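K.L.:
After the structure tokens below, expect a handful of questions from me.
The values are calculated or read from the model by the stated rules, or taken from the named source; none is laboratory data. Note that the structure is predicted; figures quoted are calculated from it, not measured. All Cβ positions, even for glycine, are placed from backbone atoms using ideal geometry, and neighbour counts span all protein chains on display.
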Ligand SMILES: [Zn+2]
């Protein structure tokens, strides 16, 4: 058993190192073959021309009295081709690419969201960089002149929250929220790691981004009322990263899942556990919600929760069965892949599946 654990540990360690630079998935964007049809979203804004968006971005930048970093990178085309979509009465999402950060997407790969209240704007996951945050500010300005007062980060992975920098510059009084585990991890080196990682992967497109680490704690079952809207936080231990909160927009029946749930893209799992993540999906399925915004990929209804849950449990349960037959992770891969026909076109599948089986095997070993 010891040599078996050593072999699996070595394999997983190698995979982790290999996965570091390709932090979040496969390079090729693909569409899903899954039969689930996402809830149609109302498109309220077609992408602006480069010149129009640039003008808005610059206007927002000039308004900032505390803007201290010169914007040397053109941010005008970051959201080009990615519309602002209204998914519920007060809730808007820009569904980003599902590929990993690269020079072309400038690090944009997540689903920044915003909720417009009577007087304010609440932002969720403003993206990978100051530049992406600026592009988001421009999009919000197209819909409302309300100020941004609250910003939530779903978890510590930098593709979700480094855009805080632009919001802090434009709205210095805004409050930044995250789970205490996220705040602790970000302050203990993860923020710096993600800044460097994003800069390297995008070949400098995130230049000048500074980590505005949240300092307001958002804990399990806490609620924040902002004007006429309520944001309820849900935290399940050791899910995608052990820093993850899922954010329920109560009045709109919307759930932002962060990377506890993804759709048409497989995220990395090295910071989480399969059992915890499956529990988080099961928990989310019990909530009184209609709309699900995954960490990556298109929004839809509760079927999105079920789809990713099925992926996780298929990997976990089959790894367990094959370990009992004394197979090594690399020997299991072909058999498990066969059972994942609905997911094989998901972005990141080829790159992540071997890693996921290795990590599931480690988790199962640790449970014995
Ligand atoms: Zn993540």
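K.L.:
Given the condition touching a helix residue (DSSP H, G or I) at 6+ places or on another chain (Cβ under 9 Å) and without any contact (Cβ under 8 Å) to a residue 12 or more places away in the chain, answer yes or no: does some residue in the range 287-306 qualify?
P.N.:
There is no residue in the range 287-306 that is touching a helix residue (DSSP H, G or I) at 6+ places or on another chain (Cβ under 9 Å) and without any contact (Cβ under 8 Å) to a residue 12 or more places away in the chain.
K.L.:
Moving to a separate point now. Output the number of the condition that residue 47 fails; it satisfies all remaining conditions of (1) assigned to a loop (DSSP other than H, G, I, E, B); (2) at pLDDT 90 or above; (3) in contact with a strand residue (DSSP E or B) (Cβ under 9 Å, 6 or more places away or on another chain).
P.N.:
So the condition that residue 47 fails would be (2).
K.L.:
Taking the condition of being farther than 22 Å from residue 251 by Cβ, touching a strand residue (DSSP E or B) at 6+ places or on another chain (Cβ under 7 Å) and buried (at least 24 other Cβ atoms within 10 Å of the Cβ), how many residues in the range 96-119 meet it?
P.N.:
Selection size over the range 96-119: 1.
K.L.:
Shifting gears a bit: Quick one: which of 165, 155 is within 16 Å of the ligand (Cβ to nearest atom) and touching a helix residue (DSSP H, G or I) at 6+ places or on another chain (Cβ under 9 Å)?
P.N.:
Going through 165, 155 in turn, the sole match is 155.
K.L.:
Continuing with the same structure: Filter the range 156-186 down to the residues that are assigned to a loop (DSSP other than H, G, I, E, B) and crowded, with 16+ Cβ neighbours inside 10 Å and list them by number.
P.N.:
Answer for the range 156-186, where residues must be assigned to a loop (DSSP other than H, G, I, E, B) and crowded, with 16+ Cβ neighbours inside 10 Å: 156, 157, 162, 163, 171, 174, 179.
K.L.:
So, residue 326, is that one under 28 Å from residue 227 (Cβ atoms) and surrounded by fewer than 22 Cβ atoms within 10 Å (Cβ to Cβ) or not?
P.N.:
Spelling it out, it is not the case that residue 326 is under 28 Å from residue 227 (Cβ atoms) and surrounded by fewer than 22 Cβ atoms within 10 Å (Cβ to Cβ).
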